[in-house]
Structure formats: C-alpha cells, structure tokens
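Notes for the one structure printed next.
A short reminder: the numbers here are calculations on the coordinates, not readings from a lab. It should be emphasised that the depicted structure is a prediction, and the values quoted were computed from it without experimental measurement. Don't worry about glycine lacking a Cβ; one is built from the backbone with ideal geometry, like all the others, and counts go over all protein chains shown.
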Amino acid sequence: MVAALGSVALAAHWLVSAVLILLGLTTTYVRRAKLKPHSVGFFHPHTSDGGGGERVLWCAVREVQTLRPDAEVVVYTGDDLTGAELTRRAALRFGVTLARPIDVVKLRRRRLVEPDAYPALTLVGQAVGACVLAAEALSMYRPAVFFDTVGHAFAYPLARLAGSRVVAYVHYPTVSSDMIARVRRGAETYNNRPAVARSGALSLAKLWYYRAFALAYGACGRCASAVAVNSSWTKAHVDALWGTSADIVYPPCDVDFDVDAKKKNETDPPYVLSVGEVPPKKDHALQLRAWARAKEEHPELLASARLKLAGGVRGPADAARVASLRALADAVGVGDGVDFVVDAPHARIRELLANARVGLHAMLDEHFGICVVEYMAAGAVPVAHASAGPKMDIVVPAEGVDRCGFLAETEAEYASAIARAFGLDEAERAAMVERGRSRARRMFSEGAFSSALRGTLAPVFRELETREAKARELRELVAMERASRSPSPRKGVGGTPSPGGRRGAPARGTPTRGTAGEGGRGEPAKSPLKPRELDLTSPLKKTR
C-alpha cells in the first residue's frame, strides 16, 4: 500500500514538473516578440471565406481604427495576401472601407484549425491546433489586445501568457448543451455520425467526451477580458459555459437596399436565393430536396421558378461539396432549375438579393444568420430554420398577422413554406416585406454593430490607457530618482577653466554630492521620491 502511494506521488510529481516545464517553455516562446503597447491583433486565420464572419472582421477593424487612430492594427491570416490586398478585398467584397491599410502576420500552420484535418476527435484536434497556431502568431507579433473574431477559445490562455488582453467575438460556442442533448438522444446530425448515434456504448463515450471538452472550453473562455456574442442563443450558451455575462453585438449586415417591389415581382423567371458557405452544417442538401418537393407539389406556383445557390468556396473540400450538390440536384430531378453562383463579388450578391422573391436558409442551430437579415433587408420573404438565431432574434414574429417571414424544420415544412411565400397576394407580400426591412435596418445595420461593439471595447481600451499612464509615470519617477543620485553637473567640465583653477574642477562654494564646499561638507541632492513611493534600499557597494 505504501509502495503504491509512493508510486502515485512520484507520478504526480513528474506530471506536475512536466506541466510546469511546458508552461515555462510556452511562455518563453510566446514572449519572444516585443509587446507592442498601442496595437490590436485580429486572429482570423481565414480572411477569404466570404461569409458573415469575414464581414464582422472588417467592420471590427474599421471600428478599432476609428476608436484608436494611434493603434497599429494587424491581422493574423493564413492567406497569401498583403495588407493592401486585404483592404481592397474588404471594400470590394463587403463594401467596408478601412481608414488605413492594415499589416498582416502570415500564419503557416492554418491547416491545424481546419475540421477536415481531423476525421476523428475533431474538437480536440482543432483545440490543439488553435493553441499551436496562436503560439505561432504571438511569437511573431505580440499585441496589446488579442482580438479573436473566429471563436478559437483555446488560444486565449496563450494570449494572456503573452501579456495581451483578450477580446472575443463569439459566433457560436464550439460545444453546446444542444449538441450534448442530441448525442444523448441518439440523433443523427452533422456532428453525430449514424454509427455513433446507433451505438449505446459509442454514444455514452461521446457524451463524456463532450462534457469533458465543455469544461476545458469554459476554463479557456474565462481568460477573455471582454466577450461579445452575435445572438441571444449564443449568449445563453457562452454565459453558461464561460461563467460570464457577454454583450450581444448583432453582426453587421448589408441592409441598405433600394427595393423596387414592382420590379422584384416582375423578375422573370422568379427565383429563390440561398446565400452562404457550403459546409455540411449549412444543409444545402435539405434545400435541394425541399425545392424538388415544392416544385412537384405546387407546379402552378413554381413551374418557371429557379433556385440559386450563391456562396464562397475556400478550397478543394468546398469545391468537392459543390460538385456533390450538383449531383444531388440532378438526382432529385431539379438540376435544370438550380444555378450555382460561386465566389461572386459583393456587387453581384447584392444584385441577386435585390431581385430574389424568397430567401432560403436551412442550418440547424445557426448561431445568428446574416443571410436571413439580408433577405429581409432586400425585400425577399425569408424561409429560415426554426432554431437559434433566426427563430429567437431575426424572423420575429414568425406567426400571426405581423409575421416577418416563415420558419421550417423538415423537408415537408420547407416545401410548404416556399409555396406559401410564392402564394402571397401583393398586399400581403408588401406588408411582410416592409416589416422585415424595418426590423433589419433598426436592429442589424453596420451602425448598430459599431455602437454596440464600442461599448464592449471601451472598458478594455480604458484599462490599457490607465496601465500605459501608470507605466509612463513610473518611468518618469525612476528617471528622476536616477538623476538625483547621479553627480550634479560641474561647471567648466570639458570647457573653459572654472574660477577655482584647473579645467573641469568644481567651482568653489558649489555644493556637490559627497564633496566639501568652501563652507564645509556639502549635502547630497534630495530625491524627488518619498521612501514610501519607491523603495530603492537594496544594498549597493559604495564606490570610493
């Protein structure tokens, strides 16, 4: 028994020692670069995804440049683009004009945070990858404020070790109680494979895996000095996991559309528009199946109508998904009625929105849903998933005479909602469109985003200003103390001989530190610091 306890104690000793050594090495690594006192580093490894997250990035950069004109702004990215190129992209793709070009810190290990790199244990793989990527970023540039606009919470402890204040804009929690509940129920979804959902043992193992991960995720999230979230749904989960009270800062949406209802109704052929990226969680497959069903069940309304899928493609994996969606469209019999608009510029997306009759969205637990807001702002009737952001914040209300759109969950519900949206008479459509546009402009504009984000950032910048003022004061006090302890300037040094005779000798009657004047022993100059203000009593050897 004693031997067993001794072995356990020895193992614990070596484990703690290893952790401390690793912590020390990590701290040394992330502090390699000099801390930049007036700087903000935006952690956004993918700056060319073309989605709502990238719009948040550029609007946040613009707001920081406005709040702190003296701040140096850098973006950590894995894209091979210069700061000037990214600045132009922000203007071209999103209509966001930055006050001045930004600097770029190129990340070489971006692949480590991409989900496709981890066929199994994806959450852990991405968490470890975020740590490695953040360490690489901080070792090259150490900002005063580390602003994460993606949601890589496992990077926050490293940023704090580097001496940076952490600001987080969370689009969605990496793990949530809804995800855990679906695993517990054995539901088959994008984050729960059929093989796991059908196995009790695997489901139990995954359940404990999620719970352990949630604890670690919450601990990392608590390292943030300021937290903003994009919706009521995200706030509920982040507050519960991180033990914080996050600010709701709705994402900036493009809501400035000049809607011509008559022209929209005369668009030939009329079309349903779906805007967004193409990962599996966006569920474009559900959209295609629902579209096929709607056309089959309501040919009198949708005979000439088309479905347009518009979004960005980030790499080979996204390109493969687009190919699979084309194949699915052919398989369900609507291939000739579906258009894929890939990597379209901002102007083209706005044109599509301005003429769309209906806007389609199908992601389960979409944290917010920028595309749904854009549908409403552009005068398209939204048909969105009945969960999370669209249900709680955007398509509100979704029932009754004051409804702003339609919500659905299943293929049948989507097909019915699409048909109902096309079947609205002119007066009903006009009233619904106006309610949606009014809500979009009031709640989700870039101006509303800037105002809310300013409230989140203000305490952080005030804290930095206070810390910088104290540092300046301390440097001045130390400089004064050193000046008071150094020999007083002597007349005639290196120049004309002093009245006392030889060149460089102190003048008679001039008291100097530690020297005797004409009247006797001179007094040392007094320190401008009181002993209680600065303790400089460390033992020093006197120089004779």
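Observations on the structure shown:
- Scaled against the 2.2 N^0.38 Å expected of a compact globular protein of N residues, the Cα radius of gyration of the stretch 115-174 reads 1.13.
- Separation of alpha-carbon centers, the stretch 214-254 and the stretch 319-337, rounded to whole Å: 37
- For the stretch 145-218, the alpha carbon convex hull comes to 85 Å³ per residue, rounded to a whole number.
- Distance cut-off 16 Å, percentage of C-alpha pairs in the stretch 68-120 lying past it: 53
- The stretch 158-200: radius of gyration over Cα atoms, expressed as a fraction of 2.2 N^0.38 Å: 1.79
- Mean sequence separation of contacting Cα pairs (under 8 Å, at least six apart), scaled by the length of the stretch 214-340, corresponds to a relative contact order of 21 percent.
- Scattering from the stretch 400-447 was approximated by placing one identical point on each alpha carbon and applying the Debye formula without solvent; log10 I(q)/I(0) at 0.28 1/Å stands at -1.02.
- Positive dipole terminus of the stretch 98-144, leading residue within L138, P101, A117 (C-beta point charges): P101
- Entry note, the stretch 261-444: relative contact order of 24 percent, from Cα contacts under 8 Å with a spacing of 6+ residues.
- Close amide H partners of V170, meaning residues 5 or more places away or on another chain with modelled amide H under 5 Å apart, are A228, V229, N230.
- Loop-located trypsin sites (Lys or Arg not before Pro) in the stretch 215-308, at most 12 other Cβ atoms within 10 Å (DSSP): none
- Listed from fewest to most Cβ neighbours within 10 Å, the set I21, I349 follows the order I21, I349.
- Difference of contour (0.36 nm per residue) and Cα-Cα distance, K281 to A323: 13.5 nm
- The stretch 274-367, relative contact order in percent, only Cα pairs under 8 angstrom and at least six apart counted: 43
- A simple rule links phi to the HN-Hα coupling: the Karplus curve 6.51 cos²θ - 1.76 cosθ + 1.60 with θ = phi - 60°, which for the stretch 446-460 gives 5, x, 5, 4, 4, 4, 5, 5, 4, x, 6, 7, 3, x, 5 Hz, with x for Gly and Pro.
- Convex hull volume of the Cα atoms of the stretch 261-444, normalised per residue: 106 Å³.
- FRET efficiency, 1/(1 + (r/R0)^6) with R0 56 Å, evaluated for A117 and E476 via beta carbons: 0.65
- With eigenvalues of the C-alpha gyration tensor scaled by 5 and rooted, the stretch 245-352, Å: 24, 22, 14
- The amide H of D339, built 1.01 Å from its N in the peptide plane, has L307, K308, L309 as neighbours under 5 Å, considering only residues 5 or more places off or on other chains.
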